[in-house]
Amino acid sequence: MTDAALRPAMATEQQKRVGILLPLPLSGAYDYKLPRGVEPRRGLVVSAPLGSRESLGVVWGNASGEVGDNRLREASPLEGEPQLPFGLCDFIDWVAQYTMTPPGLVLAMALRSRQAMSPETPRTAYIKAGTLPARMTPARARVLEAASDGLARSVGELAELSGASPAVVKGLIETGALVGVKLPEFAPFTAPDPEFARPVLNTEQGLAAHILTGDVAAHRFAVSLLDGVTGSGKTETYFEAVAQALRQGKQTLILLPEIALSVQFLDRFAERFGTRPAEWHSDLTQKERRRTWRAVMKGEARVVVGARSALFLPFPALGLIVVDEEHEQAYKQEDGAIYHARDMAVVRGRIESAPVVLVSATPSLESYVNAQRGRYAHLRLTSRHGAAVLPDVRMIDMREGREPGTFLSPVLREAIAVTLGAGEQAMLFLNRRGYAPLTLCEACGHKMTCPHCAAWLVEHRYRKRLRCHLCGYETVTPPQCPQCGETGTLAACGPGVERVAEEFAGIFPQARVAIASSDTMHGPQETQAAIRAMTKREIDVLIGTQIVAKGHHFPQLTLVGVVDADLGGSDGDPRARERTFQLLHQVSGRAGRAQKPGLVLMQTRNPDDLVMKALASGERDAFYEQERKMRERASAPPFGRLAAIILSGHDGEAVRAAGRALTKAAPAAHGVKVWGPTPAFYALLRGQTRERLLVQAERMVDVQAYLRKWLAAVSIAKSVRLTVDIDPVSFF
Ligand code: ADP
Ligand code: ZN
């Protein structure tokens, strides 16, 4: 045989060799070969042998050539050849690079549902045949009557509709009076109708909507900050952009910070578009996950409302991304791949040539500065829609004349009495779960702390438990002090929502009240029930943590009492003031959203603080300007860049040694400062010692390159875990 005859065969042999990315923490793609005739398309989902098992994988790019031909194993496409869109693959690479996460771990977020990859199995449904059963009974007649409209239904549906038992339906199938037909495994998603219930926008809303729909129509990457006071119709406005994407056959992703928002939100969406959108969040069942993932991949799910992980869905035709409440810290994923969903949404928008809308009444300073610099379009809605006016915000100075052991000041109590007397609703806000944040022995001063964390145990009187809010450790409140053994000396210090509710009930025994807390002690069901009861006016007063601060619309709520406005963030957190402002502003925004004007009373020991003054005067931008200057002076984000290194492990000495070794190895570089190591705020968490280092860099510095160089030069003990957090928002 001649050389020439061999060559073509060799060429195809080599073509089949590809790099396949596995959803595992590996440094890159692995080489495999594909079966003859399979085209190596980037994004093709395959089953790849790995050791003695099979792993999912995705054709990623060219092979490295590091594996010899004889050791090359074959990966095969899955049935139905599911395929990740190119845009998603590029996005995964980008996120991995930026966050310094192994690309396989980022891919794992896109392949969450293994079951989503297997092809659909049709289900059987039944319709009436031409024949009648030999023996007719009233129950059988009812079933046949139910089936007479010709729609195919399952046994269960027919039984439910007719009131007959499933056995009766099955009997009819046996006699041949009902025949089976094959239907797709899942009922398809109904497409939202952009013209279903179009609102008449006011002038400001109309201008903003015009710009957003223009970007959607042009398939143009552009970022807009939709910055409007609470109740100004931001949602109504960006829904117009969603409508435009629908008209153009494009998909939309709406990110929300919390699942808690979604019940009201989904209904609201349905009122505007005639049907609920697809959902994506951690509470979905495996089956729903599979249904939604496939519907997104096929382009059939036109609008997805989801938590941050929805960013990794396989949209083939993404035409718009909305990040609602863009300032929310919940957008930062803090474990696994550490990323900020708002920032990554902008990246995905750029990759897909799709506009991105960031929505907030209290934007992050980052977005605010970007809008000021003209990088983002700044779309402002300055007044509430319709008759509603912004609430009157007043401070109650708590430095004077407080009755010991009480948390509701006379002024606040009086205002509650007036509100209830007028038949209106009130809300009391305290961002602290449980009964009391600290339990202290009055005899010896012993503080009840978690055995696994450097944290106080929080009393939950409702369940008679002390609980660690960091690791979930729980214990029964002991009758005696574990240190000095005295009985009856353990005292609750400070208030949590349960304690406020207790005081409230003592003063207003007749009022109907509920607690809503983002707490496993009360549970999400109970919280949802409390919020529903408030909406339906079945209760007069809602007492809650930050879960009540966000998004909800209670038309009859006219009074908001902030029990402790001074609860801020931790030391060394450059965003602590911004966050306090955002949260309190958000809470205030719950008051007076309909016809009746609202009043907000904030109990504080710092009424002269600029945060409080800005809240009381309503001069938000004065606060932002001051905050901007302070951050600029400190080279804090967005004027400088931060990256944190967190070291953790059970062997405390090894962790501290790793911290010292890292510091010693830090390369000198222009515009880069390294701080630490210092014990983390939670120096002990779930039994692990934690140390932190902070890299502060000028804006133009390539922080990732700096870190790669640095970390490559140090080897740390196997027992120590090193985590890199680019652009940290949490400093614990
Ligand atoms: P935001 O998202 O800014 O808090 P919303 O979009 O929730 O504001 O609007 C607040 C309330 O005003 C909602 O009940 C909404 O339906 C109503 N609303 C806003 N704009 C309009 C409009 N143009 N026409 C009718 N109702 C509107
Ligand atoms: Zn703990």
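Summing +1 for each Lys or Arg and -1 for each Asp or Glu among the other residues whose beta-carbon sits under 9 angstrom from that of Pro49 gives 0. Potential lengthening of the chain between Arg198 and Leu26 amounts to 57.0 nm, from the contour at 0.36 nm per residue minus the alpha-carbon distance. Working value for segment 376-454: equivalent-ellipsoid semi-axes of 37, 23, 13 Å, each the square root of 5 times a Cα gyration tensor eigenvalue, largest first. For Val560, the accessible surface of its heavy atoms amounts to roughly 0 Å² (probe 1.4 Å, protein chains only, rounded to the nearest 10). Here's how it looks for Thr449: its modeled amide H is under 5 Å from those of Leu457, which are all 5 or more places away or on a different chain.
Would you tally the net charge around Glu300, using a Cβ to Cβ cut-off of less than 14 Å, leaving Glu300 out, and scoring K and R as +1, D and E as -1? Here the count lands on +4. Rounded to the nearest Hz, the phi-derived 3J(HN,Hα) couplings of segment 625-638 under the Karplus curve 6.51 cos²θ - 1.76 cosθ + 1.60 (θ = phi - 60°) are 5, 5, 4, 4, 5, 4, 5, 5, 4, 8, 6, 7, x, x, where x marks glycine and proline. Distances between placed amide hydrogens fall under 5 Å for Ala317 paired with Gln251, all partners being 5 or more residues away or on another chain. Based on Cα contacts under 8 Å between residues 6+ apart, the chain shows a relative contact order of 10 percent.
Computed from label points 7 Å out along Cα-Cβ, the spacing between Glu526 and Asp283 is 1.6 nm. Phi-derived couplings, Karplus 6.51 cos²θ - 1.76 cosθ + 1.60 at θ = phi - 60°, listed residue by residue for segment 424-429: 9, 9, 10, 10, 10, 10 Hz, with x used for Gly and Pro.
Here's how it looks for Arg641: its modeled amide H is under 5 Å from those of Ala697, Glu698, Arg699, which are all 5 or more places away or on a different chain.
Leaving ligands, DNA and RNA out of it, rank Arg660, Arg631 by accessible area with a 1.4 Å probe, largest first.
On the way: Arg660 130, Arg631 5 Å².
Heavy-atom accessible area, descending, gives Arg660, Arg631.
For segment 431-554, the square roots a ≥ b ≥ c of the C-alpha gyration tensor eigenvalues yield an a/c of 1.5 or more together with a/b exceeding b/c, which makes the shape prolate.
Within the chain, antiparallel bridges make up roughly 55 percent of the DSSP beta bridges whose residues both belong there.
Which of the trypsin sites (Lys or Arg not before Pro) across segment 103-164 are loop residues per DSSP, with 12 or fewer other Cβ within 10 Å? Walk me through the numbers before you get to the answer.
Working: sites: Arg112, Arg114, Arg123, Lys128, Arg135, Arg140, Arg142, Arg153; in loops: Arg112, Arg135.
Those that pass, being in a loop and sparsely packed, are Arg135.
Counted over all Cα-Cα pairs of segment 42-191, pairs farther apart than 24 Å make up 56 percent. Extension gain, Asn62-His219: 0.36 nm per intervening residue step, less the Cα-Cα distance, totals 53.5 nm.
Of the chymotrypsin sites (Phe, Trp or Tyr not before Pro) found in segment 107-198, those that fall in a DSSP loop while having at most 14 other beta-carbon atoms within 10 Å are Phe196.
In the chain, helical runs assigned H by DSSP with n ≥ 4 each contribute -39500 (n - 2.57); averaged across all residues and rounded to the nearest 500, the mean residue ellipticity at 222 nm is -9500 deg cm²/dmol. Given R0 = 22 Å, the distance between the Cβ atoms of Leu132 and Lys182 translates into a calculated FRET efficiency of 0.35. Below 8 Å, C-alpha to C-alpha, sequence gap of six or more: please give me the relative contact order for segment 280-362 in percent. That works out to 29 percent. When Rg and Dmax are taken over the Cα atoms of the chain, they come to 29.6, 104 Å.
Projected label points at Cys493 and Lys709, each 7 Å from Cα along the beta carbon direction, are separated by 4.8 nanometres. For the set Val357, Val229, solvent exposure ranked by accessible area (probe 1.4 Å, protein chains only) runs largest to smallest as Val229, Val357.
Checking Cβ-Cβ separations below 4.7 Å across the chain identifies Cys89, Cys471, Cys493 as cysteines lacking any candidate disulfide partner.
Loop only per DSSP, at most 12 neighbouring Cβ atoms within 10 Å: give me the trypsin sites (Lys or Arg not before Pro) in segment 17-59, ordered by residue number.
Arg36
In the chain the longest region clear of GluC sites (Glu not before Pro) that are loop-assigned by DSSP and have at most 11 other C-beta atoms within 10 Å covers 401-732. The candidates Ile254, Ile351, arranged from most to least accessible area with a 1.4 Å probe in the full protein assembly, appear as Ile351, Ile254.
The values are calculated or read from the model by the stated rules, or taken from the named source; none is laboratory data. For clarity, every value in this text was computed on a predicted model and none was experimentally measured. Here Cβ is always computed from backbone atoms with ideal geometry, including for glycine, and neighbour counts include all displayed protein chains. Each accessible area value is taken on the protein alone, full model and side chains, heavy atoms only, with ligands, DNA and RNA left out. Shrake-Rupley method; radii C 1.70, N 1.55, O 1.52, S 1.80 Å.
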